[in-house]
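A short write-up of the structure that comes next.
What follows draws every value from the coordinates through simple rules; no lab data is involved. Computed from a predicted structure; not experimentally measured. Positions of Cβ are generated from backbone atoms using ideal geometry, with glycine treated the same way; all protein chains shown enter the neighbour counts.
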Amino acid sequence: DHPLGHDEAYTYIGFARRSLWAVISDYHLPNNHVFHTVLVHFVTRLLGNAPAIMRLPALAGGVLSVAAAYALGRIWYNRRAGWLAGGLLAVTPLLVGGSADGRGYTLLALFSLLVWVLATYLKTHSNWSGWLILTLMAALGFYTVPIMLYPLGAVYLWLLLSLWFEPQIRRVYGSRQRYVLVLLVSGVASGVWVYFLYLPVLLVSGPQSLFANPFVQPLGWDVFWPTL
């Protein structure tokens, strides 16, 4: 219940308190983490606009990220690793702070972890429902913050490279070509989801609001290396 910071206050004042159409179509600032803003729009309409209410979607994303980290650790290694992963995530200051900050970053963390969980399962199970859910989780991540490009790109690269190191994939999918085709279809389907979700933004705010806004610009290498 600490006072709202600038970005989360602007999320509500500039976007979430307006009409649903304004929420999904106005992208005059990348401050609008659209899917998160939609959730804030509905929860504040139902429960009021106290700071703790505005932060409920971010809190839910943070709490569920702990569970997703447990699931991923358990799937990759064992139950102990799952408890360790979930426990570490639960006390990570960045996630704790993000869970009490009305922004979309904890949802981004959640969707990223869920995509990894699904990808791990789909390497050993040819399941079209699973691939459909993966594309939906990927699209919702993009719809929250476009930097979902980085975790999703890592997932697809990992899935592709796994083909050469894990022979069971060919047995599950029948052939390398079929597995690569499934990856391609999944990637295209994710892109189609993202296109239609952002269509109101493209029609009202214009493509430049997404791809050429003045607030998200690449830094020069002279800045990158010292920062890294």
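A few comments on the model shown:
- Sum of side-chain charges, Val145 neighbourhood, beta-carbon under 15 Å (Lys, Arg +1; Asp, Glu -1): -2
- Cα lying deepest toward the dipole's positive end in the chain, options Gly130, Leu84, Thr227, charges on Cβ: Gly130
- Shown for the chain is the translational diffusion coefficient from the Stokes-Einstein equation, using the Kirkwood radius over Cα pairs, a temperature of 10 °C and a viscosity of 1.306 mPa s: 83 µm²/s.
- Projecting label points 7 angstrom from Cα along Cα→Cβ for Leu203 and Arg17 puts them 2.8 nm apart.
- Extension gain from Glu166 to Leu56, taking 0.36 nm per residue of separation minus the Cα-Cα distance: 35.5 nm
- Packing here is the average count of other Cβ atoms within 10 Å per residue, and on that basis the peptides 209-216, 88-95, highest first, run 88-95, 209-216.
- Sorting 129-135, 66-72 by average packing, meaning the other beta carbons within 10 Å per residue, from highest down gives 66-72, 129-135.
- Assigned charges on the beta-carbon of Lys, Arg, Asp, Glu; the chain dipole about Cα centre (debye): 840 debye
- Percent of alpha-carbon pairs separated by more than 24 Å within segment 133-228: 41 percent
- Segment 1-90 shape via C-alpha gyration tensor axes, a/c threshold 1.5: prolate
- With only Cα atoms counted, segment 62-174 has Rg and Dmax values of 14.7, 47 Å.
- A full extension of the chain between Asn49 and Asn78 corresponds to an added length of 6.3 nm, given 0.36 nm per residue minus the alpha carbon distance.
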